[in-house]
Amino acid sequence: MKKKESLTKLQLAKREELDPAKTHLREARACQMGEALQDVYSCADRESAAAAPERLCSWMMHSAVAEMKSVARTFRKEREGILNWWKRGSTNSFLEGLNSVVQSARSIARGFRSIAYFRTMIFLRLGRLDFTAQKKLACATH
């Protein structure tokens, strides 16, 4: 699911094997639909991008690829949020990054006794606290 420009020679060769003109594999059609989805984000503005998702979703829903039908349903449900990207230019990537840190803290601990302990660990992980002053103080007393 990389852009064509960032593929290695081996990956380009594999992609050529999966060309929908040469084969009728579902994977080839799914790959082509994924590229069409990336093309939606190359539109210049919201107005030009507004029509493209509906054509793409229609194609996905009429395909025999069940996974792409699921993508089309999600795309239709989140259509306005996706189109708002052209208005604001922002994503939820920052929140996804925070969630990743929280989930890693949860998995490292393998569970917490209470929500309060879990909340404390989240604050310690995400609070960017500076503990260097405490280390200096601890060394001075010994």
Is it the case that Arg73 is more than 30 Å from Phe123 (Cβ to Cβ) and modelled with pLDDT of 85 or more? yes
Here are Thr74, Thr91: which of them is among the hydroxyl-bearing types (Ser, Thr, Tyr), in a loop (DSSP other than H, G, I, E, B) and surrounded by 10 or more Cβ atoms within 10 Å (Cβ to Cβ)? Thr91
Considering only residues that are open to solvent by 60 Å² or more (accessible area, probe 1.4 Å), hydrophobic (A, V, I, L, M, F, W, C) and assigned to a loop (DSSP other than H, G, I, E, B), which ones fall in region 41-63? Ala44
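What about Lys69, is it open to solvent by 70 Å² or more (accessible area, probe 1.4 Å) and either touching a residue at least 60 places away in the same chain (Cβ under 8 Å) or in a helix (DSSP H, G or I) (or both)? I'd like the intermediate steps shown before the answer.
Working: open to solvent by 70 Å² or more (accessible area, probe 1.4 Å): no; either touching a residue at least 60 places away in the same chain (Cβ under 8 Å) or in a helix (DSSP H, G or I) (or both): yes.
In short, no.
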Residue, surrounded by the most Cβ atoms within 10 Å (Cβ to Cβ), within region 31-40, restricted to residues that are of a type in the set (A, V, I, L, M, F, W, C) and more than 16 Å from Arg79 (Cβ to Cβ): Met33
Consider only pairs whose beta carbons are under 8 Å apart and that are at least six residues apart or on different chains; among these, list those whose first residue lies in region 73-91 and is farther than 13 Å from Met61 by Cβ and whose second residue is among the small types (Gly, Ala, Ser). Leu83/Ala49; Leu83/Ala50; Trp86/Ala49
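Looking at Ala28, is it farther than 30 Å from Leu124 by Cα and either exposed (fewer than 10 other Cβ atoms within 10 Å of the Cβ) or among the hydrophobic types (A, V, I, L, M, F, W, C) (or both)? Spell out the reasoning first.
Numbers: farther than 30 Å from Leu124 by Cα: yes; either exposed (fewer than 10 other Cβ atoms within 10 Å of the Cβ) or among the hydrophobic types (A, V, I, L, M, F, W, C) (or both): yes.
So Ala28 fits the description; yes.
The values are calculated or read from the model by the stated rules, or taken from the named source; none is laboratory data. Just so we're clear, the structure is a prediction, and the values are computed from it rather than from any experiment. Please note: Cβ atoms are built from the backbone with ideal geometry, for glycine as well, and neighbour counts cover all protein chains shown. Quick note on the areas: whole protein, heavy atoms, side chains included, nothing else; ligands and nucleic acids left out. Shrake-Rupley method; radii C 1.70, N 1.55, O 1.52, S 1.80 Å.
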